[in-house]
Amino acid sequence: MHEFSVMSQMIEGIIEESKKWNATKVEEVILELGEFTMLGEEQLRFAYEVLTKDNILKGSKLTIVPVKGAIECDCGFKGDMSPSEDTPHRSVPILECPKCGNLARIVGGRECTVKNLRVVVPDV
Amino acid sequence: MGQAGFTSMHKVVTVEMEKDILAENRHLADHNRALLDEHGIKGFDFLGAIGSGKTLIIEKLVDRLKSKGKRAAAIAGDVSGDDDYQRFVSHGIPAANINTGKECHLDAHLVDHALDDLPLEDLDYLFIENVGNLVCPVDFPVGSHARVVVISVTEGDDMVRKHPAIFAFSDVIVINKVDLAQAMEVDPRILERDAKRINPGAKIIMMDARRGEGMDELVSALGL
Ligand SMILES: Nc1nc2c(ncn2[C@@H]2O[C@H](COP(=O)(O)OP(=O)(O)OP(=O)(O)O)[C@@H](O)[C@H]2O)c(=O)[nH]1
Ligand SMILES: [Mg+2]
Ligand SMILES: [Zn+2]
Ligand SMILES: [Zn+2]
Ligand SMILES: [Zn+2]
């Protein structure tokens with residue numbers, strides 16, 4: 001439900017960054033999105049479309065790279081959680097270690113990171 | 001002096017940015033927690049469905065702490081209005097009100113501002129009531145020491161399955177209004193079972209906040 005405000009913060013940051021490089025245009029934004037965030041890809045794309053209508057990002061491509069959630073356990077296990085049967089469409093963080101059954105910690109999958117930009121800059 | 005062609009004067013480069021919007025909030029949350037630590041304050045944030053009983057539970061905790069000679073304060077987070085804030089004030093504790101306006105959740109920055117309005121030197125405990133919402137607050141920790149999620153049987157027995165993430169990221173899970181379970185034909189044990197499966201480490205407490213049932217368990221789960 002907060003995709004819009006997250007996206008507008010993100011775009012503010014991108015505009016600032018592109019100024020540093022004297023970019024004339026942003027061609028592509030590469031975004032890493034953790035599966036444990038409450039940010040929906042569809043809603044992010046919609047917000048992106050609306051918020052790039054009249055700025056340096058106009059017409060640019062948003063590439064979303066999904067990042068799998070990861071858990072870690074004292075027994076040494078580190079990796080994916082056991083998949084949950086109930087919710088095929090959304091990842092449910094289940095904190096039970098698939099190896100030993102003890103309580104595991106979430107160590108990945110909460111990111112919403114603008115990794116890279118592809119920008120057009122003057123060739124000097 | 002002819003233009004040498006647009007393309008030859010420009011090139012496309014890849015710029016590394018590595019900026020995580022959510023991480024910025026988490027960083028601010030750490031800052032809030034450090035501020036509480038500096039003052040020896042234990043902070044708890046209460047999340048949960050709309051009307052599940054968050055304010056009532058905090059009111060009861062505040063009264064208990066008062067009778068033990070401990071000093072608590074509360075931050076009320078609501079989309080608009082000051083109803084919950086006034087309820088906290090009526091218990092004679094310092095309180096701050098945050099209206100989130102368009103936003104559906106508190107964030108660490110808003111809480112940081114509210115902390116400015118509280119007499120941190122004079123406090124032992126701080127309760128932060130988030131906006132009633134089982135989705136958004138998951139992405140925005142505010143800097144408490146423990147998170148309590150409150151749901152009630154009146155929302156149905158599928159609440160946990162529908163919003164699993166919030167239960168995975170909480171320390172204490174309160175299943176409130178068990179007094180209404182029969183009338184609602186909802187079995188609170190289903191909620192308990194689902195919560196346990198998603199977060200086996202969380203304390204799960206059955207509560208009737210009106211009558212104070214389950215309050216002892218909550219007090220000990222929070223170490224109050
Ligand atoms: N029967 C019953 N009613 C309860 C219980 N806990 C709270 N209530 C009632 O439920 C209503 C909502 O309680 P609040 O404490 O305002 O709930 P809240 O979660 O703070 O609500 P919002 O801040 O608006 O999301 C009030 O009328 C409470 O008296 C309970 O255990 N049993
Ligand atoms: Mg309330
Ligand atoms: Zn939100
Ligand atoms: Zn393990
Ligand atoms: Zn500010």
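The values are calculated or read from the model by the stated rules, or taken from the named source; none is laboratory data. On a predicted model such as this, the values are computed, not experimentally measured, just so you know. We place every Cβ from the backbone using ideal geometry, glycine too, and count neighbours over all the protein chains shown.
Worth a mention:
- Enumeration of residues in the stretch B:164-181 that are within 9 Å of ligand 1 (Cβ to nearest atom) and out of contact with any Ser or Thr (no Cβ under 7 Å at 6 or more places or on another chain): B:VAL178, B:ASP179
- Residue selected from the stretch B:187-204 under the condition crowded, with 22+ Cβ neighbours inside 10 Å and of a type in the set (A, V, I, L, M), by the criterion nearest to the chain's Cα centre (by Cα): B:ALA202
- Residue in the stretch B:35-49 that is within 16 Å of ligand 5 (Cβ to nearest atom), within 20 Å of B:ASP117 (Cβ to Cβ) and either surrounded by 14 or more Cβ atoms within 10 Å (Cβ to Cβ) or charged (D, E, K, R) (or both) present: yes
- The stretch B:21-45 residues that are free of Cβ contacts under 8 Å to residues at least 60 places away in the same chain, paired with ones that are aliphatic (A, V, I, L, M) and surrounded by 19 or more Cβ atoms within 10 Å (Cβ to Cβ) (beta carbon under 6 Å, 6 or more apart): B:ILE21/A:VAL6; B:ILE21/A:MET10
- The set of residues from the stretch A:1-58 being basic (Lys, Arg) and more than 16 Å from A:THR113 (Cα to Cα) comprises A:LYS19, A:LYS20, A:LYS25, A:LYS53, A:LYS58.
- Residue match in the stretch B:68-80 (condition: of a type in the set (Asp, Glu) and loosely packed, with under 15 Cβ neighbours inside 10 Å): no
- One residue stands out in the stretch B:89-116 among those that are assigned to a loop (DSSP other than H, G, I, E, B) and modelled with pLDDT under 95: the one that is farthest from ligand 5 (Cβ to nearest atom), namely B:CYS104.
- Residues located in the stretch B:123-140, provided they are assigned to a loop (DSSP other than H, G, I, E, B), facing chain A (nearest Cβ under 10 Å) and away from ligand 2 (no atom under 16 Å from the Cβ): B:VAL135, B:PHE140
- Taking the criterion of being outside any strand (DSSP E or B), within 16 Å of B:LEU47 (Cα to Cα) and in contact with a helix residue (DSSP H, G or I) (Cβ under 8 Å, 6 or more places away or on another chain), the only residue of the stretch B:77-88 that qualifies is B:ASP84.
- Residue within the stretch A:76-98 that is at pLDDT 85 or above and surrounded by fewer than 13 Cβ atoms within 10 Å (Cβ to Cβ) present: yes
- Condition check for B:MET9: touching an Asp or Glu at 6+ places or on another chain (Cβ under 8 Å), within 13 Å of another protein chain (Cβ to nearest Cβ) and more than 28 Å from A:LEU31 (Cβ to Cβ): yes
- Condition check for B:ILE50: within 19 Å of the chain's Cα centre (by Cα) and away from chain A (no Cβ under 14 Å): no
- Residue satisfying all of: in the stretch B:93-152; without any contact (Cβ under 8 Å) to a residue 60 or more places away in the chain and acidic (Asp, Glu); surrounded by the fewest Cβ atoms within 10 Å (Cβ to Cβ) among these: B:ASP116
- Looking only at the stretch B:42-60, and only at residues there that are out of contact with any His (no Cβ under 9 Å at 6 or more places or on another chain) and in a loop (DSSP other than H, G, I, E, B), the one that is modelled with the lowest pLDDT: B:ILE50
- Those helices (runs of 4 or more DSSP H) of the stretch B:151-224 in which 1 or more residues are within 16 Å of ligand 3 (Cβ to nearest atom) occupy B:164-168.
- Pairs with Cβ under 8 Å, 6+ apart, first in the stretch A:92-118 and more than 7 Å from chain B (Cβ to nearest Cβ) and touching a residue at least 40 places away in the same chain (Cβ under 8 Å), second more than 11 Å from ligand 4 (Cβ to nearest atom) and polar (S, T, N, Q): A:GLY109/A:THR37; A:GLY109/A:SER91
- Scanning the stretch A:38-55 for any residue that is of a type in the set (Gly, Ala, Ser), at the interface with chain B (Cβ under 9 Å from one of its Cβ atoms) and without any contact (Cβ under 8 Å) to a residue 60 or more places away in the chain turns up nothing.
- With respect to the conditions (1) at pLDDT 95 or above; (2) acidic (Asp, Glu); (3) part of a strand (DSSP E or B), B:GLU18 falls short on a single one, namely (1).
- Of all residues in the stretch B:54-86, exactly one satisfies the criterion of being closer than 23 Å to B:MET207 by Cα and in contact with a Ser or Thr (Cβ under 6 Å, 6 or more places away or on another chain), namely B:ASP84.
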